[in-house]
Every structure is written in C-alpha cells, then in structure tokens.
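Trainee: Structure below; questions to follow.
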Amino acid sequence: MGYPDRPGWLRYIQRTPFSDGVLYGSPTIENVGKPTIIEITAYNRRTFETARHNLIINIMSAEDFPLPYQAEFFIKNMNVEEMLASEVLGDFLGAVKNVWQPERLNAINITSALDRGGRVPLPINDMKEGVYVMVGADVPFSSCLREVENPQNQLRCSQEMEPVITCDKKFRTQFNIDWCKISLVDKTKQVSTYQEVIRGEGILPDGGEYKPPSDTLKSRDYYSDFLITLAVPSAVALVLFLILAYIMCCRREGVIQLVHHSAIQKSTKELREMSKNREIAWPLSTLPVFHPVTGEIVPPLHTDSYDNTSMPLMQTQHYFHCCQPPSQTRGKTSLKTRNYHFHSSKLSSSKNLILFCP
C-alpha cells in the first residue's frame, strides 16, 4: 500500500487465470518490525464487480528462534506453487526430519529455479522447472547429509553422475532431489567478514538524503533552442552550397579550354583560306600529259578548285606498258624497232619514268 509495486522480497505467481495466485518470499533483517500491508484488488471479468482486501504481514526477528544449521535442497520434480502447498511442504519437512533428527526444523526460504537462472522446461507433461527449498535446524547435520561431501561423491558429481546417498530412498517416493546441488551452511563456524569502510581517495562523500525538486518549477521554453538547432546547420549548409555553385559554374576550367580550342580552329580555317589564294607553280607531275592510246591531252590531276592545302607535294607515277610486240614473218623473225621518247621529271627526288608510245 502506498507504493507502485510489491516489496522486493515478495513474489507473486499464477500459472493460469483459473489457478490460485500465490504470494511467497523471505524478508530480510531490514524488514523486521515493519508491518507490510499488501493491498489486493480483484474484479469479476463477467460482471466487473470489484473487491479489495488488505493483507497485513508482521515480520519478526529470527534471532528469537536461532537455526544455525541450514541445508538447501533442489527438488527437480516440483514447481514453486506446488511446493508452497501446506501438505506438500509438510511431507518434505517430515522426510528431512527423519534423516536429520532435529529438535526444531523450519523452512527458511523457497525459491523457483527460474529465479536462480534456470531455464524454462519444454512443454512436455510432467516437466517441472524445479524449486530450491532451504530448511534450518538447531542440531548439526546428520551423517546422511554429510555423505554429499565425500570425495567419491564429489568426483561422481564432477562427472555428471548421481552420488550414492544412503537416505535418498526416504525422499525418492515423492521428491526427486539433486544431491549434487545440495548446500550445507554452518553459521556457527562462519567468521564475520565485515570491514569498516575507510573513506579516502576514490570514495564519494555521503551526500545525505535525496531531495527531489519542488513542484513549483517553471516550465522551460524550448522554442529558441529549436530555432538555434535548425538555423545554425541550415546557414552553414547554405554557405557551402553557394561556394560549391560558384566553383562549378563560374570557375570551370572546361569553359576556358573550349574558348582556346575554338580560337585554334578559327585560326586554322583562316590560314587555309589564305593558302588557296596564293600563286605558286604547279609541280611538273601535275602538268597535262598525253594519253598513251588516243594521244589526247589528259587534264591535270588537280584542278584549280582543289584544296591545295591537303595536296601532297609528290604524286606517284605509274608505268604504262602499251607497246605491241614485234610482228613475225614466216621463217624469219623481223623486228622493227620503234623510237621511244622518254620524258623524265625534273624533280631530283622522283625515280619514276613516263613512257610515251606514239
């Protein structure tokens, strides 16, 4: 009551909506003398009728009933809500009392294996999650319980084998106990390990109790913070965008290269136009010649309208084989020699001859 949740030492479990809900737990020494009020609210799902009940828990100190010898058992075939039933817990305490023979025996703590880091079992029938049950007595442990500490049983437990316990048959009929997980605690031999904390370097000073802020605090206006958060990055992004646009559009090297290339083309075209109008002597290889068969004058290879800027300086001449073989007479071979006129180009670099056959 008055808190958003249950105390830290108190747990609640309910398997199904139609099963009983169970509150269980073990308080600590800090909770002694403080009455704990549990406010229980329930409602009917069909009629929505609501009921409320207050459960008052009075916690007493265990020093009035000292139980220095404590043993914790792990029962594999039980769930926590099954173990909390009064008749089941009574049967287990009766079995422990038979093998321990104490004057006074009480259950100290009952914890589910899931709270100790256990795994959820498979959804198979008769598969239980397991429960840890700690009991305390006022007499030392019996020889049967001491058998767990034997070297032979410790070796078998390390090899994942069941140890040999003589009193196991008194539990086997109803409770399947994992004897490798049994824990025996003798508080009469425990030495207090509490050390007083010496404050020094590395330890923060005690700041006292926490004082929350008052409810009269004024609300803070985040509008200016919102504008600054957006305005500053936006201004920087805009400046970077303008600088990049100036570099890409106004300082491009490609525009200068295109202007330079256009100037070169313009100059080249002007030189070609000027070369067409100059008067030069045509090479002898381009002068008119006679056709070897008809005797007609052949026009020059290049006309005046031909672009002399791409005209080669030397034209390759060809040999003309046009002479008929000498006539043959019966019994004698007469050979008439014709006169051949050779005209050689005056260019010293030309090695070709022009053959005229009149």
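Trainee: In a shell of Cβ-Cβ distance under 12 Å around Lys170, excluding Lys170 itself, what net charge do Lys and Arg (+1) and Asp and Glu (-1) give? The partial results should precede the final answer.
Mentor: Numbers: positive: Lys97, Lys169, Arg172; negative: Asp91, Asp168.
Result for the neighbourhood of Lys170: +1.
Trainee: For Ile108 and Thr47 in one chain, what is 0.36 nm times their gap in residues minus the Cα-Cα distance, to one decimal in nm?
Mentor: Details: separation 61, 0.36 × 61 = 21.96 nm, distance 4.06 nm.
The span from Ile108 to Thr47 would gain 17.9 nm if fully extended.
Trainee: Can you give me the long-range amide H partners of Met78? Hydrogens built in the peptide plane at 1.01 Å from N, cutoff under 5 Å, separation of 5 or more residues or another chain.
Mentor: Gly130, Val131
Trainee: If you take the beta carbon distance between Arg146 and Ile40 as r and set R0 to 35 Å, what does 1/(1 + (r/R0)^6) give as a FRET efficiency, to the nearest 0.05? Don't skip to the answer; put the middle values down first.
Mentor: Numbers: r = 44 Å, r/R0 = 1.26.
My answer for the efficiency is 0.20.
Trainee: Shifting gears a bit: With charges only on Cβ, +1 for K and R and -1 for D and E, what is the dipole size of the range 30-103 about its Cα centre, in debye, rounded to 20? Show your work: numbers first, answer last.
Mentor: Details: 6 positive and 11 negative charges, 77 e Å.
For this selection, approximately 360 debye.
Trainee: Now a separate question. Can you list the GluC sites (Glu not before Pro) in the range 7-56 that are in a DSSP coil and have 15 or fewer other beta carbons within 10 angstrom?
Mentor: On the way: sites: Glu30, Glu39, Glu49; in loops: Glu49.
For GluC sites (Glu not before Pro) across the range 7-56 that sit outside H, G, I, E and B with at most 15 neighbouring Cβ atoms in 10 Å, the list reads Glu49.
Trainee: Within the accessible area of the range 56-172, what % is carbon and sulfur when the probe is 1.4 Å and the other protein chains stay in place? Don't skip to the end; give the middle numbers.
Mentor: Details: 3440 of 6760 Å².
Percent of accessible area from carbon and sulfur atoms in the range 56-172: 51.
Trainee: So who's got an amide H within less than 5 Å of the one on Ile108, skipping anything under 5 residues away but keeping other chains? H placed 1.01 Å off N, in plane.
Mentor: Met134, Val135, Gly136
Trainee: What are the ³J(HN,Hα) values, in whole Hz, obtained from phi via the Karplus relation 6.51 cos²θ - 1.76 cosθ + 1.60 with θ = phi - 60°, for each residue of the range 210-218 in sequence order, with x given for Gly and Pro?
Mentor: 6, 10, x, x, 6, 7, 9, 5, 7
Trainee: For Lys170 and Met127 in the same chain, what is the full-extension length gain: residue separation times 0.36 nm, less their Cα-Cα distance, in nm? Mind showing how you got there, number by number?
Mentor: On the way: separation 43, 0.36 × 43 = 15.48 nm, distance 2.21 nm.
Full extension of this stretch gives 13.3 nm more.
Trainee: Once you charge only the Cβ atoms, +1 for Lys and Arg and -1 for Asp and Glu, what is the size of the charge dipole of the range 64-192 about its Cα centre, to the nearest 20 debye? Intermediate values should be presented prior to the final figure.
Mentor: Numbers: 14 positive and 18 negative charges, 57 e Å.
Once rounded to the nearest 20, the dipole reads 280 debye.
Trainee: Would you work out which of Val99, Leu67, Thr47 lies farthest towards the positive end of the dipole of the range 37-142, given +1 charges on the beta-carbon of Lys and Arg and -1 on that of Asp and Glu, about the Cα centre?
Mentor: Most positive-ward Cα: Thr47.
Trainee: What do you get for trypsin sites (Lys or Arg not before Pro) in the range 46-121 restricted to DSSP loop and a cutoff of at most 12 other Cβ within 10 Å of the site's Cβ? The partial results should precede the final answer.
Mentor: On the way: sites: Arg46, Arg52, Lys76, Lys97, Arg104, Arg116, Arg119; in loops: Arg46, Lys76, Arg104, Arg119.
Those that pass, being in a loop and sparsely packed, are Arg46, Arg104, Arg119.
Trainee: Let me check I've understood the local charge: for Gln265, count other residues with C-beta under 15 angstrom from its C-beta, Lys and Arg +1, Asp and Glu -1. What total comes out? All intermediate terms of the calculation are to be shown ahead of the outcome.
Mentor: Working: positive: Lys266, Lys269, Arg272; negative: Glu270, Glu273.
Summing Lys and Arg as +1 and Asp and Glu as -1 gives +1.
Trainee: Now for a different question. Which of the residue pairs Lys128/Lys187; Lys34/Lys189; Lys97/Lys187; Lys76/Lys170; Lys128/Lys181 have a Cα-Cα distance greater than 23 Å in the structure shown? Before the final figure, lay out the partial values.
Mentor: Values: Lys128/Lys187 32 Å; Lys34/Lys189 30 Å; Lys97/Lys187 20 Å; Lys76/Lys170 16 Å; Lys128/Lys181 17 Å.
Pairs exceeding 23 Å: Lys128/Lys187; Lys34/Lys189.
Trainee: Which ³J(HN,Hα) values, rounded to whole Hz and listed in residue order, are derived for the range 116-124 from phi using the Karplus coefficients 6.51, -1.76 and 1.60 in 6.51 cos²θ - 1.76 cosθ + 1.60 with θ = phi - 60°, glycine and proline given as x?
Mentor: 9, x, x, 9, 6, x, 5, x, 10
The values are calculated or read from the model by the stated rules, or taken from the named source; none is laboratory data. All of these numbers come straight from a predicted model, not from anything done at the bench. Positions of Cβ are backbone-derived with ideal geometry, glycine not excepted, and every protein chain shown enters the neighbour counts. These area figures cover heavy atoms from the full protein model, side chains too; ligands, DNA and RNA do not enter into them. Shrake-Rupley method; radii C 1.70, N 1.55, O 1.52, S 1.80 Å.
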